[in-house]
Amino acid sequence: MNIETKENEKAIDPGINPIKLSLTDKIAKAIAQKIVPTQDSNREYRLAKLSPEQKLELQLIEDQAISNFSGMLDELEAALGMLRIGHHFGWRTLYILHSKRTIRKYEEILSIKIRDLFDEEGPSAQRSVGLALAKKATNFWKAVSGEYKIENRREVK
């Protein structure tokens, strides 16, 4: 089948009517707007309200991880980043963001279990495109395992 390239460098199959393609794109965007999370205008509600005890616990976990770590520094840095955003997004978002293997590696570095330390979903969880799509379109654990591909799973709105 012949494929022509238009000025916008999109490959267009000559058998497809551009008007139908445009309509299909509009429908896909409308559906995506219903599924994809929207930004909350009040940014204060996006943050977890941590108690002094929780803040101290995070600091102790961080201090212990830094003092005990040996290995590649970028892995420690990433594990600490996961520790710091976990309360805000929750463990479900972390499982969408990282593979199960990566989560286990970071848990080992930090000497924690994220499902014990963080809530299932934090105040910013609804901002996760990947989590929203996993919840609406598939079984969550099948999405985490990679059985279903989730585009833009790492994007936050």
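Considering every residue within the range 100-110, establish whether at least one is surrounded by fewer than 20 Cβ atoms within 10 Å (Cβ to Cβ), outside any helix (DSSP H, G or I) and not aromatic (F, W, Y).
There is no residue in the range 100-110 that is surrounded by fewer than 20 Cβ atoms within 10 Å (Cβ to Cβ), outside any helix (DSSP H, G or I) and not aromatic (F, W, Y).
So, in the range 41-74, how many residues would count as being part of a helix (DSSP H, G or I) and surrounded by fewer than 15 Cβ atoms within 10 Å (Cβ to Cβ)?
So the answer is 18.
Among the candidates Y148, Y95, single out the residue that is assigned to a helix (DSSP H, G or I) and either surrounded by fewer than 22 Cβ atoms within 10 Å (Cβ to Cβ) or at pLDDT 90 or above (or both).
Criteria check complete, one pass: Y95.
Within the range 57-102, can you find the residues that are over 23 Å from the mean Cα position of the chain (by Cα), farther than 23 Å from L47 by Cβ and among the small types (G, A, S)?
Across the range 57-102, the qualifying residues are S67, S70, G71.
Taking L60, is it over 24 Å from G130 (Cβ atoms) and either modelled with pLDDT under 80 or not charged (D, E, K, R) (or both)?
In short, yes.
Can you tell me how many residues in the range 81-117 are among the basic types (K, R) and within 18 Å of K55 (Cβ to Cβ)?
The qualifying residues number 1.
What is the number of the single condition among (1) modelled with pLDDT of 90 or more; (2) buried (at least 18 other Cβ atoms within 10 Å of the Cβ) that E120 does not meet?
Every condition holds for E120 apart from (2).
For E77, work out the one condition from (1) part of a helix (DSSP H, G or I); (2) buried (at least 21 other Cβ atoms within 10 Å of the Cβ) it doesn't fulfil.
Evaluating E77 over (1) part of a helix (DSSP H, G or I); (2) buried (at least 21 other Cβ atoms within 10 Å of the Cβ) leaves (2) as the failure.
The values are calculated or read from the model by the stated rules, or taken from the named source; none is laboratory data. In this text, all values refer to a predicted model and were calculated from it rather than measured experimentally. Glycine gets a Cβ as well: all are built from the backbone with ideal geometry, and neighbour counts include every protein chain shown.
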